[in-house]
Ligand SMILES: NC(=O)c1ccc[n+]([C@@H]2O[C@H](COP(=O)([O-])OP(=O)(O)OC[C@H]3O[C@@H](n4cnc5c(N)ncnc54)[C@H](OP(=O)(O)O)[C@@H]3O)[C@@H](O)[C@H]2O)c1
């Protein structure tokens, strides 16, 4: 392990960045978390050891935020702005002599993904690959934490936007792998793509798994793919409309077979961490109370 590394984690207030930061803290890494919210700087520094101001929508904030940083965890939110945000950050990384970019992308395979969000991540990855900065790209399939989104399990009914089996990956696995990659650095992980799709399940199997893990009844209903777009942009949702459209396109293309690969188990957790990835059953047991709350059940004592 190289102790001269100094890492910057983006998205530490969100689902995956928070877990990456917790992992780095546990491993006593030298790192800061980046936030666009100045009011959060002190709280995040208390939580993780160090914080820096960076607003992905304002590239003028990048050079200061990247001072003495050697490796970045590049995470963007559920917005088409990821394109310009990532381009500007990669340019700044190059300018500031950053040694390693670890990018959180999506479950894209070769050249057969044409849902917008997937294409955006592929364009960003293509830009990173030619930047001259060492890189590692992470490709998670549907993140299990999505079950906790307000629209996912209302009334204990899992709204599936395709009847086909799709792959899921625990945020915990992706984040622990990202932390290990950041700490082990480009010497080990430059030029590598890693996939996270641990458990492939059809809608009824998801409902059965949630039922078995929580002890309360869950059912599944297959709704039209465009339902995703309507559900995901409810007030309070992290998804902007253009991104939600990408989700709809993904489910539509899984349903008609164009993105059938989304139903594959391809998972590098064991290669990276030396342990099996979490299955949905494992993950749902860990998050049973949150799942019950999302479903409208009273949490178990
Ligand atoms: N959900 C899935 O199933 C899935 C599957 C594959 C890939 N992905 C990818 O995962 C990524 C999203 O990860 P997530 O679920 O962890 O996201 P998230 O929970 O929505 O968190 C987004 C983070 O980005 C920060 N952020 C947003 N805009 C910013 C800006 N202008 N400057 C600085 N920070 C900013 C947010 O900070 P604030 O607190 O300031 O808002 C927050 O910490 C996306 O790229 C998505 O494509 C998701």
TODO: Residues being more than 8 Å from the ligand (Cβ to nearest atom), surrounded by fewer than 22 Cβ atoms within 10 Å (Cβ to Cβ) and touching a residue at least 12 places away in the same chain (Cβ under 8 Å): count how many of those fall in the stretch 70-84.
DONE: 3
Open item on the list: Name the single residue that is nearest to residue 20 (Cα to Cα) among those in the stretch 44-58 being outside any loop (DSSP other than H, G, I, E, B) and within 11 Å of the ligand (Cβ to nearest atom).
Closed with: 44
- [ ] Could you tell me which residue of the stretch 94-112 is farthest from residue 30 (Cα to Cα), considering only residues that are within 15 Å of the ligand (Cβ to nearest atom) and in contact with a strand residue (DSSP E or B) (Cβ under 7 Å, 6 or more places away or on another chain)?
- [x] 108
Task: Selection count where residues are touching a helix residue (DSSP H, G or I) at 6+ places or on another chain (Cβ under 7 Å) and in a helix (DSSP H, G or I), scope the stretch 276-292 - done: 9
TODO: Mind listing just one residue for me: the one in the stretch 133-172 that is more than 19 Å from residue 289 (Cα to Cα), touching a helix residue (DSSP H, G or I) at 6+ places or on another chain (Cβ under 6 Å) and not in a strand (DSSP E or B) and, of those, nearest to the ligand (Cβ to nearest atom)?
DONE: 161
Task: Positions within the stretch 26-42 being touching a strand residue (DSSP E or B) at 6+ places or on another chain (Cβ under 8 Å) and free of Cβ contacts under 8 Å to residues at least 60 places away in the same chain, in sequence order - done: 30, 32, 33, 34, 35, 36, 38, 40, 41, 42
- [ ] Taking residue 87 as the residue in question, decide whether it is more than 15 Å from the ligand (Cβ to nearest atom) and over 17 Å from residue 36 (Cβ atoms).
- [x] no
Open item on the list: So, restricting to helices (runs of 4 or more DSSP H) that lie completely within the stretch 185-275, which ones have at least 2 residues that are crowded, with 17+ Cβ neighbours inside 10 Å and touching a helix residue (DSSP H, G or I) at 6+ places or on another chain (Cβ under 8 Å)?
Closed with: 203-214, 226-232, 241-255, 269-273
Open item on the list: Restricting to the stretch 9-42, count the residues that are within 11 Å of the ligand (Cβ to nearest atom) and outside any loop (DSSP other than H, G, I, E, B).
Closed with: 14
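Read-outs: derived from the displayed coordinates by stated rules, not from any lab. Computed from a prediction, not measured in an experiment: that's the story for all the values here. Cβ sites come from the backbone with ideal geometry, for glycine too, and all protein chains shown count toward neighbours.
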